[in-house]
1. Between a first residue in the stretch 116-130 that is at pLDDT 95 or above and in a helix (DSSP H, G or I) and a second residue that is acidic (Asp, Glu) and surrounded by 16 or more Cβ atoms within 10 Å (Cβ to Cβ), which pairs have beta carbons less than 7 Å apart while being 6 or more apart in sequence or on different chains?
2. Could you please tell me which pairs satisfy a Cβ distance under 9 Å, a separation of 6+ or placement on different chains, a first residue in the stretch 1-22 that is among the aromatic types (Phe, Trp, Tyr) and surrounded by 13 or more Cβ atoms within 10 Å (Cβ to Cβ), and a second residue that is modelled with pLDDT of 90 or more and not in a helix (DSSP H, G or I)?
3. I'd like the residue in the stretch 82-115 that is hydroxyl-bearing (Ser, Thr, Tyr) and in a helix (DSSP H, G or I) and, out of all such residues, is surrounded by the most Cβ atoms within 10 Å (Cβ to Cβ).
4. Tally the residues that are among the aliphatic types (A, V, I, L, M) and either surrounded by 14 or more Cβ atoms within 10 Å (Cβ to Cβ) or at pLDDT below 95 (or both), restricting the search to the stretch 47-59.
5. Quick one: how many residues across the stretch 68-81 are more than 13 Å from residue 127 (Cα to Cα) and surrounded by 14 or more Cβ atoms within 10 Å (Cβ to Cβ)?
Amino acid sequence: MWAAQEPLDQRLLRCDYSDVAILGKAVTRGRSWRRVGVALHVANGALFGLAYHQARQIIPGAGPRRLALGMALAEHVALYPLCYLIDRYHPARGGRGIPPLLTNPRAFAQATWRHAVFGLVLGALARPRQ
């Protein structure tokens, strides 16, 4: 879902930042980079979902939507500084889908939007506690 909405936020925010490109082009520069990037992104989402499931067990009374949104935005804020490493060392930096990120307010807005959408969808899809 996240990867499917990337073209929309890229157009709206006029920034070529793509999580799929960052992940896929870190592994391969061949024609399969998009498939690899989507697969890695899905795997990351699944791991986040597992962490969210565990957090729901540990944090009593946390509403599923509020918890998912909070966790997604916390992850975004905690990990965004790692964009320094992407800007400096990514093998495809500066290419399509991988503009400079750390000092790019449009890319930060895209990442914030993407994490918020993910958190809201995850929270909405979460099963009620048993």
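The values are calculated or read from the model by the stated rules, or taken from the named source; none is laboratory data. Not measured: the values here are computed from a predicted model. All Cβ positions, glycine included, derive from the backbone under ideal geometry; neighbour counts span all protein chains shown.
1. none
2. Partner pairs satisfying both residue conditions: 17/97; 17/98; 17/99; 17/101; 17/104.
3. Here the answer is 112.
4. Matching residues across the stretch 47-59 total 3.
5. Selection size over the stretch 68-81: 8.
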